[in-house]
Each structure stands twice: as C-alpha cells, then as structure tokens.
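Structure first, commentary second.
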Amino acid sequence: MKKILIVAMADSVHTARWIRQFDDDEINFVLFPSTPHRRIHPLILQHISAKLKSSLKISPWMKCGALPLGVIDLLFNNRFRARLLAKEIDAFNPDLIHIMETQHAGYLTDKALSLASKKPKLALSIWGSDLFWFQRFPKHQSRIR
C-alpha cells in the first residue's frame, strides 16, 4: 500500500477534498497539520471514521498540539513543529510527502527535511496567491525562487 504524508491545513476544505478523491484507492495517509487549528474539517473526520480503501490518520503529535505548538512556533521559527514533522517522516517512512501550500506547509517541511534521516519524494500544490502575492516580500523571495 502506498504511503503519503500530507502537510496541510487540517481545517481547510481544500485539504479535505484532495484527500477524499482517493476514497477508493489503497493509500495510507497521515496528515500533519501545517497551521494552528481549533478544529479538523468535517470531511477529514468523515474520512477517518469511514470504511474506505484508503486510510487516514492525523499525526499523533499534532492532533491536540497543533494550536499551542503553532502559536509557540510563531516565536521560534517552526523549530518545535519541524522536529515533530521530522520524527513523523522517519517513523512513517512515506513514499511521498504532499505539501499543500507554500508559506506554511512548504517552509515547515523544508525545515523538517533538514532534520529527518529519510528523504522521500515531494509534491507541492500551490494555493492561490502562494507565488504571486508573496513574491512581493523580500522575506519570501529567496525561499520561493
């Protein structure tokens, strides 16, 4: 069974819809929330509890810790969550990491991969203004080129 680690916003309908398209495929998913959230999107929760060919789990590190760790990491430049994501990468050993959105998920994954011993293939889904809007800011220019 193929294993995919998704780094994305857990409260986003875009993340939920992307996962749900694979209901009939034999894929083992782990979702690592890329941003602080107060709730998991209902479609994601439905997928977790449904009897489908694909399976989905939320990283145990981030099921309850996404909000407090996300707030703390605003001060510490993603240090804590990057370490947790690196541990998830090494433990899950995915065939692919799907990064959904650049500024949160992409930057976090970049930092985590520098700490992880496993280096799986990557796929990046760019959302709306990821490149167009953020290219205007010097802080982001070197990261998105």
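Tabulated values for the structure
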{"read-out": "Lone unmet requirement of (1) under 14 Å from Ala105 (Cβ atoms); (2) within 14 Å of the chain's Cα centre (by Cα) for Phe29", "value": "(1)"}
{"read-out": "Selection count, region 1-28, where residues are in a loop (DSSP other than H, G, I, E, B) and either β-branched (Val, Ile, Thr) or over 22 Å from Lys87 (Cα atoms) (or both)", "value": "8"}
{"read-out": "Residue tally, condition within 15 Å of the chain's Cα centre (by Cα), part of a helix (DSSP H, G or I) and either exposed (fewer than 13 other Cβ atoms within 10 Å of the Cβ) or among the small types (Gly, Ala, Ser) (or both), over region 65-90", "value": "4"}
{"read-out": "In region 47-61, residue surrounded by the fewest Cβ atoms within 10 Å (Cβ to Cβ) [restricted to those that are in contact with a helix residue (DSSP H, G or I) (Cβ under 7 Å, 6 or more places away or on another chain) and in a loop (DSSP other than H, G, I, E, B)]", "value": "Trp61"}
{"read-out": "Positions within region 87-145 being under 22 Å from His37 (Cα atoms), among the polar types (S, T, N, Q) and at pLDDT 95 or above, in sequence order", "value": "Thr109"}
{"read-out": "Residue that is touching a residue at least 12 places away in the same chain (Cβ under 8 Å) and out of contact with any strand residue (DSSP E or B) (no Cβ under 9 Å at 6 or more places or on another chain), where the choices are Leu124, Leu84, Leu52", "value": "Leu52"}
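The values are calculated or read from the model by the stated rules, or taken from the named source; none is laboratory data. Note that the structure is a prediction, hence the values are computed from the model and not measured. Cβ: placed from backbone, ideal geometry, glycine included. Neighbour counts: every protein chain shown.
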